[in-house]
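Remarks on the structure that follows.
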Amino acid sequence: MAETTEIPVSEHVHHAADVFVGVTTPLLALSFATLTARLVLRLRSGSPIGWDDGLIIVGSLLAAVDWALQLTAIALCTLSSRSFTTIAVMRQAIILGIATAVVWSFAVACIKISVACLLLRFQHRVALKVFLYVLIGVLALSAASYSLFVLLLCRPLAAAWNPSIPQAKCVGANTFSIVSIISSSIHIITDVILSLFPVTFLYMLRRPTLEKVCISILMGMGLTASAASIIKVILVTKWVHATDSLSLGYSISTWTCVEMFLGITAACLPSLKSTLQRSLAYFGIGFRDPQSFAQSIYEISPSTEIPLGPMSGTSIKATQQRFIGTTSSTDSTTTNRYQGPENGGKELGQNSSEMDRPHAV
């Protein structure tokens with residue numbers, strides 16, 4: 001078949017290409033904005049960069065590379081002409097498509113493993129820690145297996161974009177669809193598990209209900225990536241028998257990028273919890289009741305250690321030691337301020353050196 005043979009390009013293809021650019025570009029910007037905010041807050045707090053931070057950086061870079069490869073493949077087939085493309089161009093697009101599949105598998109794995117590493121920081125039960133390590137192993141094995149499958153689609157691989165190679169063997173479209181669905185199903189299940197996993201420790205926190213709800217929502221944003229994965233699986237099942245496979249392929253590319261960028265955003269949002277709290281407090285929406293917070297700390301024995309939440313690097317034990325020292329002085333000052341002379345008390349300002357001296361714990 002001649003390299004210049006024309007392949008028709010429908011208006012549906014151009015529409016799908018426009019949707020890809022219009023939807024994925026803002027999500028790419030949003031995901032990198034939240035990633036930048038996460039890293040800036042981490043560096044400002046003086047906390048060291050952990051495995052979760054390193055993996056989300058690698059996953060984000062791979063996601064950006066995958067998006068650029070898919071954009072290039074789409075541009076090759078749609079920018080040269082509104083009505084047709086050529087066999088030579090389609091071969092280049094297929095090569096880029098194979099590359100994007102491999103990059104996607106490792107990008108998604110890095111993003112999800114980053115979340116699992118973050119959850120490991122705040123999990124003290126051995127059984128749940130082992131479960132997270134097993135989940136990390138499943139994600140790594142899934143990424144490696146899918147990438148190997150893509151690279152072995154044809155023997156030799158060049159037959160995937162050049163079917164004229166003699167004695168070449170390639171897997172069928174149905175087999176490719178089944179493997180893609182299995183891989184996406186694994187990611188959907190792990191998304192749900194990681195999004196709901198904070199429930200295992202949130203109930204232990206002596207924090208205001210509204211703050212717990214906020215943490216749950218931020219950690220549960222990974223379910224939006226699951227929704228994108230489900231839509232992608234549905235499209236993949238239709239792609240095998242589609243008459244306009246190019247248009248449907250672009251739609252699959254769109255949801256693939258949506259899945260990655262929503263995953264990055266969901267992984268970074270919990271790091272912005274304190275920023276969100278301050279923003280809501282500016283509008284009069286508070287998360288803390290100081291009295292109930294103090295009471296909850298006094299109810300915990302000094303030997304108790306319960307993590308405060310995903311975005312706190314401290315435990316209640318450490319917070320208790322600081323909090324009691326400051327509130328003891330405050331309580332003494334408040335008592336003397338409002339004790340009237342008829343009760344033998346002193347007005348504010350008298351014996352200030354005694355009131356300002358921190359009490360021993």
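The values are calculated or read from the model by the stated rules, or taken from the named source; none is laboratory data. All of these numbers come straight from a predicted model, not from anything done at the bench. No Cβ is skipped: glycine too gets one built from the backbone with ideal geometry, and neighbour counts run over all protein chains shown. Surface accessibility is based on the protein's heavy atoms, side chains included, excluding ligands, DNA and RNA. Shrake-Rupley method; radii C 1.70, N 1.55, O 1.52, S 1.80 Å.
In square nanometres, what is the average projected area of the Cα convex hull of segment 31-184?
It is 12.1 nm².
Sort 112-122, 238-248, 182-192 by packing, meaning the average of other beta carbons within 10 Å per residue, with the highest value first. Could the numbers behind the result be given before it?
Values: 112-122: 22.6, 238-248: 14.9, 182-192: 19.7.
Those peptides, ordered most packed to least, come out 112-122, 182-192, 238-248.
Tell me whether segment 121-179 comes out rounded, prolate or oblate; compute the Cα gyration tensor, take square roots of the eigenvalues as a ≥ b ≥ c, and use a/c under 1.5 as the rounded threshold.
Prolate.
To check my understanding: the extent here is largest minus smallest coordinate of the Cα atoms along each principal axis. What are those three numbers for segment 1-105, in Å, largest first?
61, 24, 16
Just order 128-140, 224-236 by mean Cβ neighbour count inside 10 Å, highest at the front, would you?
Packing order, densest peptide first, comes out as 224-236, 128-140.
On the protein heavy atoms, probe 1.4 angstrom, tell me the percent of accessible surface of segment 86-200 carried by carbon and sulfur.
75
Counting other C-beta atoms within 10 Å, and keeping those with at most 14, which DSSP coil trypsin sites (Lys or Arg not before Pro) do you find in segment 1-103?
R82
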